[in-house]
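The values are calculated or read from the model by the stated rules, or taken from the named source; none is laboratory data. Remember, it's a predicted structure, so these values are computed and weren't measured experimentally. Cβ sites come from the backbone with ideal geometry, for glycine too, and all protein chains shown count toward neighbours. Note: accessible area is taken over every heavy atom of the protein model, side chains too, but ligands, DNA and RNA are not part of it. Shrake-Rupley method; radii C 1.70, N 1.55, O 1.52, S 1.80 Å.
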Amino acid sequence: MFEIRLDDLTGQQLVALLNEHIADMQSISPPESKHALDLSGLQHPSVKFWSVWLGDRLAGCGAYKKLSNTQAEIKSMRTASDFRGQGVASILLKHLIEDAKINGYQELSLETGSMVYFKPAHKLYQKYGFNFCGPFADYSEDPNSVFMTLKLT
């Protein structure tokens, strides 16, 4: 059974997964459209970060960042390659949504890529009620980005 842990981002497996995530985003998205947070960005006090484990094996990770008292943004959702197709992203996304509700957020938003590579992510977010929207926070229109949001109230 998968276990979700609030994480301090210091474990070797986690750092390796995040480095893989950043490398993938850099290879897919042009530099001006790369919005993935690096390790130091994810360690900022405005970010809550979780990892998903099966025993001692890291299955995935994800976070949300506080944008305001009413809105948070999902950051760095990633499933380890050995665990793809096993529901890790759904388990984690449900956890992020519930935690955001418990913490009083009224809206949970995200930015992801517009390329074919990101289509499974779009479907996942839509499955959990996210709708496409315009840019939010400091984002601006970008043909390489898709913006989505979920009303929590």
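Please determine whether any residue of region 85-97 is more than 12 Å from the chain's Cα centre (by Cα), of a type in the set (D, E, K, R) and open to solvent by 80 Å² or more (accessible area, probe 1.4 Å). No, there is no match, as no residue in region 85-97 is more than 12 Å from the chain's Cα centre (by Cα), of a type in the set (D, E, K, R) and open to solvent by 80 Å² or more (accessible area, probe 1.4 Å). Number of residues in region 63-120 that are farther than 16 Å from residue 6 by Cβ and of a type in the set (Asp, Glu): the value is 4.
Based on what the data block shows, is residue 36 under 13 Å from the mean Cα position of the chain (by Cα), over 20 Å from residue 127 (Cα atoms) and buried (at least 17 other Cβ atoms within 10 Å of the Cβ)? Before you say what the answer is, go through the steps one by one.
Details: under 13 Å from the mean Cα position of the chain (by Cα): yes; over 20 Å from residue 127 (Cα atoms): yes; buried (at least 17 other Cβ atoms within 10 Å of the Cβ): yes.
Taking the combined requirement at face value, the residue satisfies it.
Residues that are farther than 26 Å from residue 136 by Cα number at least 3 in the following helices (runs of 4 or more DSSP H) confined to region 1-105: 12-28. When residue 153 is tested against the conditions (1) part of a helix (DSSP H, G or I); (2) open to solvent by 40 Å² or more (accessible area, probe 1.4 Å), the lone failure is (1). Contact map, region 102-115: residues that are at positive phi and open to solvent by 30 Å² or more (accessible area, probe 1.4 Å) paired with residues that are among the β-branched types (Val, Ile, Thr) and modelled with pLDDT under 95, Cβ distance under 9 Å, separation 6+ or inter-chain. No pairs are found. In region 116-138, which residues are open to solvent by 40 Å² or more (accessible area, probe 1.4 Å), touching a residue at least 40 places away in the same chain (Cβ under 8 Å) and either assigned to a loop (DSSP other than H, G, I, E, B) or in contact with a Pro (Cβ under 8 Å, 6 or more places away or on another chain) (or both)? Within region 116-138, 137 is the sole residue that qualifies.
Applying the criterion of being at pLDDT 95 or above and over 16 Å from the mean Cα position of the chain (by Cα) to the residues of region 143-153, the residue that is farthest from residue 105 (Cα to Cα) is 151. If the condition is being in contact with a Cys (Cβ under 7 Å, 6 or more places away or on another chain) and without any contact (Cβ under 8 Å) to a residue 60 or more places away in the chain, then region 10-48 contributes only 14.
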